Amino acid sequence: LLQGKLFDSTITDEGTWTLEDRKLIRIVLMKTNRDAGNCWTSLLEDEYAADPWVQDQMQRKLTLERFQRENPGFDFSGAEISGNYSKGGPDFSSLEK
């Protein structure tokens, strides 16, 4: 089905596949490092690259997920990311006590 090397590593035990409508195989891979700073640019190395708009949307989504994990008490419904979100957004770890 796929030939080539995956862009990065995945968790083998978390991968699944399903056959839909007897003609579509849906493959779900769980990335080992799933944070906004590690957004894959393609499925396979040097193949199937996401266009710049899709890449931007993926980084926004992963950055918002990071903020949700770091701030569980906040309501993020309807939230959108803008500004410095490339590579996961700003690093505030040095501000933590």
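The values are calculated or read from the model by the stated rules, or taken from the named source; none is laboratory data. Treat the numbers as computed from the prediction; the structure is a model and nothing was measured. Using ideal geometry, Cβ is built from the backbone for each residue, glycine included, and neighbour counts are taken over all protein chains shown.
Filter segment 42-73 down to the residues that are of a type in the set (A, V, I, L, M) and touching a residue at least 24 places away in the same chain (Cβ under 8 Å) and list them by number. Listed by number, the residues that qualify are LEU43, LEU44, LEU62.
Against the definition (of a type in the set (A, V, I, L, M), surrounded by 12 or more Cβ atoms within 10 Å (Cβ to Cβ) and either free of Cβ contacts under 8 Å to residues at least 60 places away in the same chain or out of contact with any helix residue (DSSP H, G or I) (no Cβ under 6 Å at 6 or more places or on another chain) (or both)), how does LEU6 come out, yes or no? First the steps, then the outcome.
Details: of a type in the set (A, V, I, L, M): yes; surrounded by 12 or more Cβ atoms within 10 Å (Cβ to Cβ): yes; either free of Cβ contacts under 8 Å to residues at least 60 places away in the same chain or out of contact with any helix residue (DSSP H, G or I) (no Cβ under 6 Å at 6 or more places or on another chain) (or both): yes.
It is true that LEU6 is of a type in the set (A, V, I, L, M), surrounded by 12 or more Cβ atoms within 10 Å (Cβ to Cβ) and either free of Cβ contacts under 8 Å to residues at least 60 places away in the same chain or out of contact with any helix residue (DSSP H, G or I) (no Cβ under 6 Å at 6 or more places or on another chain) (or both).
TRP17 satisfies every condition listed in (1) at pLDDT below 85; (2) of a type in the set (A, V, I, L, M, F, W, C); (3) in a strand (DSSP E or B) except (1). Selection over segment 23-38 of residues that are free of Cβ contacts under 8 Å to residues at least 24 places away in the same chain and closer than 15 Å to PHE7 by Cα gives a count of 4. In segment 40-51, the count of residues that are in a helix (DSSP H, G or I) and within 30 Å of SER82 (Cβ to Cβ) is zero.
Does segment 64-82 contain any residue that is surrounded by 10 or more Cβ atoms within 10 Å (Cβ to Cβ), at pLDDT 75 or above, closer than 24 Å to THR12 by Cβ and not small (Gly, Ala, Ser)? Yes, that holds for at least one residue.
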